[in-house]
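Report on the structure given below.
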Amino acid sequence: METIIETRHLNKAYNDQVTALADVNLAIGKGEFVALLGRSGSGKSTLLNILGGLDAPTSGEVRIDDKSVDFGDRKALIALRRESIGFVFQSFNLIPALTAQENVEYPLLFNYRDTAVRRERAADLLSLVGLADRAHHYPREMSGGEQQRVAIARALIGEPLIVLADEPTGNLDSKTRDEIFGLMRQVNQERETTFLIVTHERELGKRTDRVINLLDGSVVA
Ligand SMILES: Nc1ncnc2c1ncn2[C@@H]1O[C@H](COP(=O)(O)OP(=O)(O)OP(=O)(O)O)[C@@H](O)[C@H]1O
């Protein structure tokens, strides 16, 4: 299996005091649907932020699509986030003043894409997530589950190598949680999109291809 994302001896310390990650080595293959499991404070968000180029490690290497990420190169990091990574957050992070359709299109505004192509792609993705009839609704007019569907569509619009989801179902009731998790799995299976999903719910881990367990900043079996 082709490796999409890999870490080598990744370490992260905050203020020279807190060790958030200690010698993390992992590899995720193309099309995998992986859960990153660990209790509060185990380093899950720290790892996800570094993988997504939002934060830099103290030492060690991140390789994406077999290229080493240069955390000192701001422009390269922006390009990486824009072209290779899709993000889904616990709190949806939609832009309140934009409609569902505009929120989904938003990441492509900076990619100089043809407007018609952008619209069409966003409309396709809204259909994929089951919200074709909500395209012109604003976030405040949608439920939490619907907002997260929009956020998933937005994460997919740049055709990322991997979607990094940080507790994507953490703000949802159990029924909606199952639906959103099922939607991500469906996207994974239909489009071979790679997912790394942070959760602290063991139950969800059982519905993935593989679980990576973090304990005090290290990967455990
Ligand atoms: N900006 C920061 N400055 C100092 N310490 C931090 C910072 N961010 C995180 N930490 C510490 O690093 C460790 C890992 O935190 P992290 O947020 O990655 O854990 P987590 O597994 O995502 O937790 P949770 O499930 O509660 O979100 C914790 O001990 C935390 O207190």
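Which of the peptides 69-81, 34-46, 197-209 is most tightly packed, and how do the rest follow, judged by the mean count of other Cβ atoms within 10 Å per residue?
Details: 69-81: 13.8, 34-46: 19.7, 197-209: 16.8.
Final packing ranking: 34-46, 197-209, 69-81.
Expressed as a rounded percentage, what relative contact order does region 93-159 have, with Cα pairs under 8 Å and six or more residues apart?
Values: 77 pairs, mean separation 33.4, N = 67.
For region 93-159, the relative contact order is 50 percent.
Find the centroid of the Cα atoms in region 1-53 and in region 130-148, then give the distance between the two in whole Å.
Cα centroid to Cα centroid, the span is 31 Å.
Nearest-5 percent of antiparallel DSSP beta bridges in the chain? Don't skip to the answer; put the middle values down first.
Details: 18 of 36 bridges.
Within the chain, antiparallel bridges account for around 50 percent of the total.
What 222 nm value per residue comes from the helices of the chain, counting each DSSP H run with n ≥ 4 as -39,500 (n - 2.57) and dividing by all residues, nearest 500 deg cm²/dmol?
Working: 7 runs with 73 residues, N = 221.
Mean residue ellipticity at 222 nm (helix-derived): -10000 deg cm²/dmol.
Beyond 26 Å, what percent of the Cα pairs of the chain remain? Don't skip to the end; give the middle numbers.
Values: 8365 of 24310 pairs.
Summing the P(r) of the chain above 26 Å gives 34 percent of all pairs.
Pairs K44/K67; K67/K206; K30/K67; K175/K206: which exceed 21 Å Cα-Cα?
Numbers: K44/K67 23 Å; K67/K206 31 Å; K30/K67 15 Å; K175/K206 17 Å.
Violating the 21 Å Cα-Cα cut-off are K44/K67; K67/K206.
Express the relative contact order of the chain as a whole percentage, based on alpha carbon pairs under 8 Å and six or more residues apart in sequence. Provide the component values of the computation, followed by the final result.
On the way: 425 pairs, mean separation 69.4, N = 221.
It comes to 31 percent, rounded to a whole number.
No lab work stands behind these numbers, since they all come straight from the coordinates. A quick note: this is a predicted structure, and the numbers were derived from the prediction, not measured. All Cβ positions, even for glycine, are placed from backbone atoms using ideal geometry, and neighbour counts span all protein chains on display.
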